[in-house]
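Bear in mind that the values in this text are calculations on the coordinates, not laboratory data. As the structure is a prediction and not an experimental result, all values here were calculated from the model. When we count neighbours, we look across all protein chains shown, and the Cβ atoms used for this are built from the backbone with ideal geometry, even at glycine.
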Amino acid sequence: MPRILLIDPTPLPIVERMRPMFPAGVDLDVVSTLNEDDLVRHAAEAEILLVIQRKVDAHILSILPRVRFVQRIGVGYDNLDLEALQAAGVVAAYTPGVNAVAVAEHTILLMLALLKRFPAAETATRQGGWPTMELFQAGLGELANTTVGLVGFGSIGRAVAQRLAPFGSRLLYTARHAVGPAIEQQFGVRYTSLDDLLASSTIVSLHVPLTGATRRLIGETELAKMPAGAFLVNTSRGEVIDEAALHRAIENGKLGGAALDVLYNEGPGGNPFADLPQVIVTPHIAGGSRAAVERAIQMALANIARYLRAEPPLDLIPMPST
């Protein structure tokens, strides 16, 4: 009987929702904590690994000697050590595109919250104030006619562009390659270099995967190119930004603020911007709508079923060149 091991602690209702989706005769086991001893107790018979956020590296693979297939539930796969997987002869797949709508909607929410100074307005009013004139004096923005620069133009970047179009924003994008006139016209965007995008955008929104090329993509030099009072939004990965440089840029008034759904160190006490009211931080929830989670689970389990039928899995993660 093939045994699948889910190595992330997962709420029981989600696990129970998964079980009927597996083919008959498949055994799903769940590691209930991040304690390595718990993983060891479940590891010996596991043949397929189901992963959400937990890091899978050479050490973890050494505990799981029978695993030959890893299925990630999610879009990014920076928690998977591809070199270690390749060395162990393990293939891996992920679920691209499943959360594009959810992340795009959260991105628009963050943009509007920054422009409308929503956190300051809500907090002051909740505390008994009525800061209408103060907020008018500080300045409230509109997405209409605002230049928004999208760094990355995959499924999420395109979903953001599609949702910004009705607001009347001017849209720039940069990516490894221009997508071509037909797609640019479809989404109402114009390609430009990263430097020009930074210099021209009131809001810069990041939608790139975490790779060697994008780690700390936005640092002190890049932030200095942005217009005074501009905003930065990040719903990709925390490591894409140099957080210390961003903190300085906001503290010294260069930027008007930032909205971040991701941080370098995520968890209780990990917010380095807690002292800056100009920075909105949400706890990595952009892609977590009920519909997105359901799509990701269904896509992952359908792919495991393909693997069990000896069919080639879909959406395999490319391994490093040898």
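Quick look at the numbers
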{"quantity": "Simple spin-label estimate for residue 3 and residue 118 in nanometres, 7 Å along Cα-Cβ", "calculated": "4.7"}
{"quantity": "Long-range amide H partners of residue 263 with built H, under 5 Å", "calculated": "238"}
{"quantity": "Computed label-point distance, nm, for sites residue 282 and residue 163 using a 7 Å Cα→Cβ extension", "calculated": "0.8"}
{"quantity": "Mean-position separation - Cα centroids, segment 220-290 and segment 92-115, in angstrom", "calculated": "16"}
{"quantity": "Virtual paramagnetic centre 7 Å along Cα→Cβ of residue 215, amide N under 15 Å, in segment 246-277", "calculated": "264-265"}
{"quantity": "Cα-based shape type of segment 48-194, given that a ≥ b ≥ c are square roots of the gyration tensor eigenvalues and the cut on a/c is 1.5", "calculated": "oblate"}
{"quantity": "Computed [θ] at 222 nm, deg cm²/dmol, the chain (DSSP H ≥ 4; -39,500 (n - 2.57); rounded to nearest 500)", "calculated": "-10000 deg cm²/dmol"}
{"quantity": "FRET E, pair residue 195, residue 59, Förster distance 51 Å, beta-carbon r, rounded to 0.05", "calculated": "0.80"}
{"quantity": "Projected label distance in nm at residue 32 and residue 252, using a 7 Å step from Cα toward the beta-carbon", "calculated": "5.2"}
{"quantity": "Estimated dipole of the chain in Debye, rounded to 20 [Cβ of Lys and Arg +1, of Asp and Glu -1, Cα centre]", "calculated": "720"}
{"quantity": "On Cα atoms only, tilt of 100-115 relative to the major axis of the chain in degrees", "calculated": "30"}
